[in-house]
């Protein structure tokens, strides 16, 4: 990593937050002690803890090793994506084993080429990448959970773990909970629909079991996040800091009658800044992701995570508008400092999921419009080899 990257931390957030905190945790062998001089003690601490953890086998602290941890997290999400795409193409699209694996490689290498999750070899220790990794894993896992009833509860448990991981990385992970709740509700409705199609009379007799199934989905997906949120609000005393307890400040401003004037001023500024950023940041990838979103609307289930991703973008917009109204002041508010960095993980998540859905939903649409041609693709013995040859330059 040292020779390949030549990493040198230059960001103030890196030096004062993630590296500084991790170094202190490593030296003190604890992350929670009154003598630790930690700024923003209300922030969740998974990322600095991961940077500290990777130092333990070596006995000393080198910030560069934190970059290796990001690489491993990125590799884990890419590996998960390969497995899930292979399963979806085999089960949903009826691909043979070789074609399913070749398609999974094509999509994964395409994602790496487009740098949809940032560069495979990261160049900094900012918190946005570690926040994006569990967010993307949550959405990718939901694809398979929505399409396959087999092991749906286990997949829901994995989604719950990823949701909790987003909050443990950064308090911004609370915005992901809205999208997770939407997908949880969709999973329950789909289960009801599947059950009604296979045994409509039994559904009326077994409504208690079906309701309990929905509650289990809700618990598996949302309970880990809620437990972590409540426990950290007590341990981390989040009410002391505006960014981790904005509604406390909001209530005070509502009582004083100043909230709406400030929000009406900041929300259009934030919206304009985000719109400008979306229109200029990795525009070709954004257009392909939007095309994937549109194509997913033709599929009976793949549209759900994509719409949930749009809700994530909307939720982050509202959260940023509140942050710049209630918490961020002076120069940082006047210049909308760090607005793009705060928002980027939601846009990157749309890039990642959109590029995955585009070929999957596109082939499903092709299979409905031209079933004979789709069947010839499925039976082709040369196509997997052709896909591999295309993947080599991407690799």
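Residues are listed down the side, and each one gets a yes or a no for (1) modelled with pLDDT under 95; (2) more than 18 Å from residue 353 (Cα to Cα); (3) surrounded by 19 or more Cβ atoms within 10 Å (Cβ to Cβ):
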| site | (1), (2), (3) |
| --- | --- |
| 90 | yes, yes, no |
| 103 | yes, no, yes |
| 116 | yes, no, yes |
| 121 | yes, yes, no |
| 139 | no, no, yes |
| 172 | yes, yes, yes |
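Do any residues in the stretch 263-287 that are within 18 Å of residue 358 (Cβ to Cβ) have Cβ atoms under 9 Å from those of residues that are assigned to a loop (DSSP other than H, G, I, E, B), where the two are at least six apart or on different chains, and which pairs are they?
282/115; 285/115
Report the residue count in the stretch 298-318 for those that are surrounded by fewer than 21 Cβ atoms within 10 Å (Cβ to Cβ) and assigned to a helix (DSSP H, G or I).
Residues flagged as surrounded by fewer than 21 Cβ atoms within 10 Å (Cβ to Cβ) and assigned to a helix (DSSP H, G or I) within the stretch 298-318 amount to 9.
Any residue that is within 27 Å of residue 244 (Cα to Cα), without any contact (Cβ under 8 Å) to a residue 24 or more places away in the chain, out of contact with any helix residue (DSSP H, G or I) (no Cβ under 8 Å at 6 or more places or on another chain) and surrounded by fewer than 16 Cβ atoms within 10 Å (Cβ to Cβ) - is there at least one of those in the stretch 350-373?
Initially, the stretch 350-373 is screened for residues within 27 Å of residue 244 (Cα to Cα), giving 350.
Subsequent filtering for residues that are without any contact (Cβ under 8 Å) to a residue 24 or more places away in the chain retains none.
No: zero hits.
The values are calculated or read from the model by the stated rules, or taken from the named source; none is laboratory data. Everything numeric here is computed off the predicted structure, so don't read it as measured data. Note: ideal-geometry Cβ built from the backbone for every residue, glycine included; neighbour counts use all protein chains shown.
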